[in-house]
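Shown next, in C-alpha cells, is the structure this report addresses.
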Amino acid sequence: MTKPAGSLPSGKLELYEKLVATNPKVERKGATVPYTSSNGHMFSYLSKEGKLALRLPAEERTAFLKKYKAKLCEAYGRVQPEYVGSLKPKPTTKKKKDLGLPRQC
C-alpha cells in the first residue's frame with residue numbers, strides 16, 4: 001500500500017518504492033519522508049528534494065563514495081557522516097524481524 005509522501009519530485013517516490021520492494025523483508029515507512037529501518041535505526045530515506053540517502057558502515061561507505069564519486073549526505077544544513085557502523089539496536093516491544101541485512105558487531 002502506497003503512503004502519501006508530501007510533495008516529492010515526480011517519479012522519485014515510485015523509484016524508491018521499487019527499490020524497497022526488491023527486499024520483501026524491508027517495509028517502507030514514513031508518511032512525509034519515506035524511509036526504511038532495522039533494529040529501530042533508519043538505514044535509507046528519500047529526502048523532500050527526492051535525494052536517496054543510505055546509511056552504510058564505515059568501510060562500505062568509503063568504498064561507495066570512491067566507486068560512485070558520491071558525497072556524504074547533507075540534510076538541514078549539516079553533513080550526516082555516519083548512520084550505521086556503531087549504532088546499537090534500540091529497545092523495542094515489537095517482535096524482531098530478520099531483514100536479511102548484514103549485522104554489525
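The numbers here are math on the coordinates, done by the rules we state, and not lab data. Since we're looking at a predicted model, the values are computed, not measured.
Of note:
- Residues whose placed amide H lies under 5 Å from that of C73, excluding near-sequence neighbours: Q80
- Using a cut-off of 23 Å between Cα atoms, the listed pairs K48/K71; K25/K67; K29/K67; K18/K48; K25/K69; K51/K71 include K25/K67; K29/K67; K25/K69 as exceeding that distance.
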